[in-house]
Amino acid sequence: YGNGLIGTYRVRTDDFIPAATVDETHLATEYCIGLEARWEGNYASYNQNVTLPAGNYKLTFDVENVNAGTNNATYNNLFKVTVGETVYTDESTEWMKGKSAWTSHAIRFILAEEATVNISLGFGTGSNNFGHANTPALYVSHMALGTFDPMADSKEIALKAVDALPVGDDLFMYPEAAITTAKGAIESATTVDEVNAALATAKAAQSK
């Protein structure tokens with residue numbers, strides 16, 4: 001199935017929502033959806049059902065919230081993939097806290113057999129009656145549905161996690177030697193369990 005663009009829609013930019021200050025260069029060659037829910041009980045989401053054969057899938061997309069007035073309320077996170085009764089969700093919701101830069105997201109799901117899945121991108125106001133002035137006004141771009149290799153994917157995630165650890169000899173930091181050893185163990189691992197074990201060992205090396 002490779003990669004494929006999902007859909008396109010542009011959010012309104014009238015007096016009822018904040019002025020759109022989206023980075024247009026990011027959208028120059030991509031499809032985009034614009035999402036904005038104004039009142040209590042509203043939902044702003046793009047949904048698509050698709051039937052896929054068995055396989056390992058990864059939905060990737062970028063998000064920017066153009067409303068600087070967004071308050072950090074509890075919105076319903078509708079960035080998710082639903083397979084039967086199982087919901088796979090993206091938990092990165094920094095866009096809830098006000099105007100954001102573009103951030104990249106991924107939702108991974110595995111199908112043991114052919115199934116119809118629902119792809120949802122967006123949010124809901126739920127019971128939060130905040131009005132248009134302080135709810136997210138989102139742009140979603142670079143949407144693609146592709147497959148992934150679980151082993152390669154776990155190594156990539158683990159290496160990024162190790163790279164994010166602060167290196168140094170002070171308290172609450174990680175010795176450079178431990179980081180180097182962990183990276184070598186991750187790269188040479190032959191199973192996902194070995195990758196996870198190497199990452200756990202690296203995190204345990206924190207100076208206390």
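Out of region 160-183, which residues are open to solvent by 50 Å² or more (accessible area, probe 1.4 Å), outside any helix (DSSP H, G or I) and either more than 17 Å from Gln206 (Cβ to Cβ) or out of contact with any Pro (no Cβ under 8 Å at 6 or more places or on another chain) (or both)?
Those that are open to solvent by 50 Å² or more (accessible area, probe 1.4 Å), outside any helix (DSSP H, G or I) and either more than 17 Å from Gln206 (Cβ to Cβ) or out of contact with any Pro (no Cβ under 8 Å at 6 or more places or on another chain) (or both): Ala164, Pro166, Asp170, Leu171.
Checking Ser120 against (1) loosely packed, with under 15 Cβ neighbours inside 10 Å; (2) small (Gly, Ala, Ser); (3) within 19 Å of Ser45 (Cβ to Cβ), which test does it fail?
With respect to (1) loosely packed, with under 15 Cβ neighbours inside 10 Å; (2) small (Gly, Ala, Ser); (3) within 19 Å of Ser45 (Cβ to Cβ), Ser120 is out only on (1).
If Lys99 passes every condition in (1) touching a strand residue (DSSP E or B) at 6+ places or on another chain (Cβ under 7 Å); (2) closer than 30 Å to Val83 by Cα but one, which one does it miss?
Here Lys99 meets the rest and fails (2).
May I ask you to list pairs of residues, at least six apart or on different chains, whose Cβ atoms are under 6 Å apart, with the first in region 84-97 being at negative phi and the second being of a type in the set (A, V, I, L, M) and surrounded by 13 or more Cβ atoms within 10 Å (Cβ to Cβ)?
Close Cβ pairs (under 6 Å, with a partner that is of a type in the set (A, V, I, L, M) and surrounded by 13 or more Cβ atoms within 10 Å (Cβ to Cβ)) amount to Tyr88/Val81; Tyr88/Ile107; Asp90/Ile107; Trp95/Val63.
Got a sec? Which of Glu40, Glu36 is open to solvent by 70 Å² or more (accessible area, probe 1.4 Å), of a type outside the set (A, V, I, L, M, F, W, C) and either farther than 28 Å from Ile157 by Cβ or at pLDDT 75 or above (or both)?
Every option except Glu40 fails the conditions.
Being under 25 Å from the mean Cα position of the chain (by Cα), assigned to a helix (DSSP H, G or I) and closer than 30 Å to Ser45 by Cβ narrows it down to one of Ile186, Ile157, so name that one.
Ile157
The values are calculated or read from the model by the stated rules, or taken from the named source; none is laboratory data. No experiment lies behind these values; they were computed from the predicted model shown. All Cβ positions, glycine included, derive from the backbone under ideal geometry; neighbour counts span all protein chains shown. Note: areas computed on protein heavy atoms with side chains; ligands, DNA, RNA excluded. Shrake-Rupley method; radii C 1.70, N 1.55, O 1.52, S 1.80 Å.
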